[in-house]
Amino acid sequence: MSAWSTRDARADDLPRLTDLLASTCDIAEVPSAVLMAESIAGGLVRVAEADGELVGCAVAERPSPEHLRVSVLAVRTDLRRQGMGLGLLDELSRLVSELPGPTPLLSAVVEASDMPVSGLLLKSGFIGTRVMHTSRNPGGICIHYQHKNRVEYIDPDTRHLVPLSAQAQLIESLAPHDQAVTALVSLKGEPALEITRFERDDPATLQSGEAAAGIAFSGSILAAITFLLGFAFTSTRFPDDVRLLLIGATFSTVLSLIIYASASGELARIRSNTFGKIMKYGNVLSEYGGVLPFLISLPVTYAEASGDPRTTMILAALLSVSIAWYERSEFSIAHRFRTSWVETSLMVFTAASPLIGAAVVAAKATSWPWTVALACALSARTWLYIFRRGPEAGTAGRRHWQIRE
């Protein structure tokens, strides 16, 4: 058997999917043909393929706009324990996170005794939040798992292990709303579940602090840009196009301040549940309309003040390297969004702009083309992140729960 690959299921895959599920799952777990067709049409089915054969699938259904349920996860018997099931689950979770609108809850209900599926769910970022008395087995129980869309913190001193056979203890351990299953382990040669208590934060307090920090940061940037703009207008040698760039940065930073202030109103009075969207607008405008134009114009300012091309180019090179590092770090706004090759190209040009601009000014050449190109690049990135990307994320590659340092 050759290496397998994954893709979205198509309508003509339905007969082969039905055969795969019939050979790998209990008949009671197999969704009906109607539900399968609806899931395929909604883009909620991922399949694994090898040598033209379907060898695995992950199927979800959408009972409501706010909720998706993993209906079945199947891998052909001879290809199990190769990471196929985990890969299908991870891709399904990613597809759900990229759906337009608010991210729906992705959940699964699994028999407590079904250790392989429970292990896959836990490795894929799910946690077991409660016991469900919906088992088809006499005396059995199910565990409700849900995928974590955001990073939360756990209390490391409250973790405990519960043998899978101790159902009464498992029910008691999962009764508090802040405790959940986070791992499947082996205890004395028998399967056991790790139960962990999650810290409960006050979202309103956190959001209020974030809005206040945004206002303070934009206010500081506005003061710095205003000072630089004052210098630009007092200097007779300062390029007019760079003056216009700084005026645009001033406008964008003031706009971000207004947006951050409206976030406070959203928390206090309006409560339309759009705080994340408002903060995204403010963050993007503040970085691409205020911070980056300000930093990129610094070598130009230094060139006009010192008249020394050598030190100007050194400063510009240091700024370009710093911006490039920042763009690639997890601190940047770009890190919070999915990146395409177009955005990568714009990112490279943005990082190189201090060096290009300093070279143009030091050579006393016309700087209008550079300024126009820079303004277009920053405007394009602003438009992409505000209108073409979903909510800020940036948790890819992180555990969805961790210990607070």
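Worth pointing out:
- Spherically averaged projected area in nm², based on the convex hull that wraps the Cα atoms of the range 1-106: 6.4
- Note on the range 203-387: Cα-Cα pairs beyond 30 Å make up 21% of the total pair count.
- Residues TRP383, TRP370, TRP341, sorted so that the one with the fewest Cβ neighbours within 10 Å comes first: TRP341, TRP383, TRP370
- Put simply, the convex hull of the Cα atoms in the range 222-314 casts, on average, a shadow of 6.6 nm².
- Potential lengthening of the chain between ARG150 and ASP78 amounts to 22.4 nm, from the contour at 0.36 nm per residue minus the alpha-carbon distance.
- Normalised convex hull volume, the range 128-272, alpha-carbon set, Å³ per residue: 202
- Each label was represented as a point 7 Å from its Cα along the Cα-to-Cβ direction; for ALA363 and VAL34 these points are 7.0 nm apart.
- Loop-located trypsin sites (Lys or Arg not before Pro) in the range 152-256 (DSSP state other than H, G, I, E, B) with a sparse environment of at most 15 neighbouring Cβ atoms within 10 Å: LYS188, ARG200, ARG237.
- Here ALA168 and LYS188 are evaluated by their C-beta separation; at R0 = 25 Å the FRET efficiency comes out at 0.85.
- Ratio Rg/Rh [Cα only; Rh per Kirkwood] for the range 267-345: 1.14
- Gaussian network model of the chain, springs between alpha carbon atoms under 10 Å - residue of CYS376, CYS57, CYS142 with greatest fluctuation: CYS376
- Remark: relative contact order (the range 46-198) = 17 percent; criterion is Cα-Cα distance under 8 angstrom and separation of 6 or more residues.
- Under the criterion of Cα pairs below 8 Å and six or more residues apart, the relative contact order for the range 203-387 equals 23 percent.
- For the range 9-59, projected area of the alpha-carbon convex hull averaged over all directions, nm²: 3.2
- With neighbour counts taken as other beta-carbon atoms within 10 Å, the residues HIS177, HIS335 rank, fewest first, as HIS177, HIS335.
- C-alpha center-to-center spacing [the range 186-236, the range 298-338] in angstrom: 23
- Loop trypsin sites (Lys or Arg not before Pro), the range 264-348, which have at most 12 other Cβ atoms in a 10 Å radius of their Cβ (DSSP): ARG271
- Annotation: Cα Rg of the range 46-198 relative to the compact-globule expectation 2.2 N^0.38 Å equals 1.07.
- For the chain, hydrophobic long helices are taken as DSSP H runs at least 24 Å long by C-alpha position along their axis with mean Kyte-Doolittle hydropathy of -0.5 or more; these are 203-234, 240-265, 309-328, 341-362, 368-387.
- Label of the coordinate-derived value, Rg and Dmax of the Cα atoms in Å, listed as (1) 21.9, 76; (2) 26.9, 87; (3) 23.2, 77: (2)
- With the cut-off at under 17 Å, measuring from each backbone N in the range 63-82 to a point 7 Å along the Cα-to-Cβ line of ASP26 picks out 71-75.
- Cβ crowding within 10 Å, taken as a proxy for footprinting-reagent exposure, orders HIS147, HIS133 from fewest neighbours to most as HIS133, HIS147.
- Close lysine pairs were tallied over the chain: pairs 8 or more places apart or on different chains with Cα atoms under 27 Å apart number 4.
- Legend: calculated FRET efficiency, ARG159 to HIS335, from the Cβ-Cβ distance at R0 = 41 Å, rounded to 0.05, equals 0.85.
- Förster radius 30 Å - calculated FRET efficiency between ILE386 and ASP202, Cβ distance, rounded to 0.05: 0.60
A short reminder: the numbers here are calculations on the coordinates, not readings from a lab. Predicted model, so just to flag it, every value in this text is computed and none were measured. Backbone-built Cβ (ideal geometry, glycine too); neighbour counts: all protein chains shown.
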